[in-house]
1. Return the residues of segment 42-55 that are in contact with a strand residue (DSSP E or B) (Cβ under 8 Å, 6 or more places away or on another chain) and open to solvent by less than 50 Å² (accessible area, probe 1.4 Å); say none if nothing qualifies.
2. Restricting attention to segment 82-98, which residues are open to solvent by 40 Å² or more (accessible area, probe 1.4 Å) and either among the aromatic types (Phe, Trp, Tyr) or touching a strand residue (DSSP E or B) at 6+ places or on another chain (Cβ under 6 Å) (or both)?
3. At pLDDT 80 or above, closer than 22 Å to ALA93 by Cβ and crowded, with 16+ Cβ neighbours inside 10 Å: does that describe GLU36?
4. Go through (1) over 26 Å from THR104 (Cβ atoms); (2) within 18 Å of the chain's Cα centre (by Cα); (3) at pLDDT below 75 and name the single condition THR70 misses.
5. Give just the number: which of (1) of a type outside the set (A, V, I, L, M, F, W, C); (2) open to solvent by less than 40 Å² (accessible area, probe 1.4 Å); (3) outside any helix (DSSP H, G or I) does SER13 not satisfy?
6. Report whether or not SER167 is at pLDDT below 95 and open to solvent by 50 Å² or more (accessible area, probe 1.4 Å).
7. Just checking, how many residues over segment 111-139 are farther than 18 Å from ALA84 by Cβ and open to solvent by less than 30 Å² (accessible area, probe 1.4 Å)?
Amino acid sequence: HYNSNEAAAEELSTAAKNAGAEHVSLVRADARKQKEIQRAVEQTADVHGYIDFLVVLFTQPFDPKAWNETDEKATEQAYANAFAIDVMGTKHAMDAAFPFLKKTKGSIINFSSSPVISGYSEGTAYSVAKAAVKQLTMDYAQKYGKFGIRINAIAPGWVPHGTEKKSELEEAKKSTPL
């Protein structure tokens with residue numbers, strides 16, 4: 001699934017196929033729109049015949065201005081965007097995949113983020129939305145666990161996004177073990 005960058009999605013698809021992935025499909029959908037996510041999940045099930053796992057990685061497009069806002073300056077719109085994409089997108093995807101995962105007793109991996117664990121002074125709307133994804137994951141794990149569906153969240157550390165300063169990249173490398 002991708003929303004806006006078809007070229008990047010095609011590049012990722014090609015890399016996955018070159019690495020040996022046999023079943024790769026691209027479906028355009030907007031995480032904020034439940035019907036589009038439902039269609040993407042159903043299309044994937046139609047193409048492959050089943051769904052046995054779901055990986056959910058939604059995040060709003062990187063905006064350095066919004067990221068550098070502290071909580072006092074973060075706009076209501078920054079929070080609304082973060083929640084609409086990260087939280088509601090994750091909910092939409094899990095709800096859409098549930099009937100398929102129930103049949104296969106599959107699993108879901110949601111992406112939270114390391115600021116949920118360590119805190120962070122910038123990008124508060126992002127951090128709060130990713131904390132909500134973590135909580136949503138725990139709640140859905142209880143809700144869907146009785147059907148044999150495993151749900152977990154991972155919280156990766158800092159990831160380069162192409163707009164960071166060289167000093168930020170060097171600092172991140174020092175604090176990242178791998």
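1. Quick first cut of segment 42-55, residues in contact with a strand residue (DSSP E or B) (Cβ under 8 Å, 6 or more places away or on another chain) only: 52-55.
Scanning segment 42-55 gives a single hit, LEU54.
2. First pass over segment 82-98, keeping only residues open to solvent by 40 Å² or more (accessible area, probe 1.4 Å): 83, 88, 91, 95, 98.
Result: PHE83, PHE98.
3. Numbers: at pLDDT 80 or above: yes; closer than 22 Å to ALA93 by Cβ: yes; crowded, with 16+ Cβ neighbours inside 10 Å: yes.
Yes, satisfied.
4. Condition (2) is where THR70 drops out.
5. Unmet for SER13, out of (1) of a type outside the set (A, V, I, L, M, F, W, C); (2) open to solvent by less than 40 Å² (accessible area, probe 1.4 Å); (3) outside any helix (DSSP H, G or I): (3).
6. On the way: at pLDDT below 95: yes; open to solvent by 50 Å² or more (accessible area, probe 1.4 Å): yes.
Yes; evaluated as a whole, the condition is true for this residue.
7. At the first step, the residues of segment 111-139 found to be farther than 18 Å from ALA84 by Cβ are 114-122, 138-139.
Then drop every residue that is not open to solvent by less than 30 Å² (accessible area, probe 1.4 Å), which leaves 115.
Residues in segment 111-139 being farther than 18 Å from ALA84 by Cβ and open to solvent by less than 30 Å² (accessible area, probe 1.4 Å): 1 in total.
Yes/no per residue for (1) at pLDDT 85 or above; (2) not in a helix (DSSP H, G or I):
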site	(1), (2)
VAL24	no, yes
ALA40	yes, no
GLN43	yes, no
TYR50	yes, yes
VAL55	yes, yes
PRO61	no, yes
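The values are calculated or read from the model by the stated rules, or taken from the named source; none is laboratory data. Note that the structure is predicted; figures quoted are calculated from it, not measured. Note that each Cβ is placed from the backbone with ideal geometry, even for glycine, and that neighbours are counted across all protein chains shown. Surface accessibility is based on the protein's heavy atoms, side chains included, excluding ligands, DNA and RNA. Shrake-Rupley method; radii C 1.70, N 1.55, O 1.52, S 1.80 Å.
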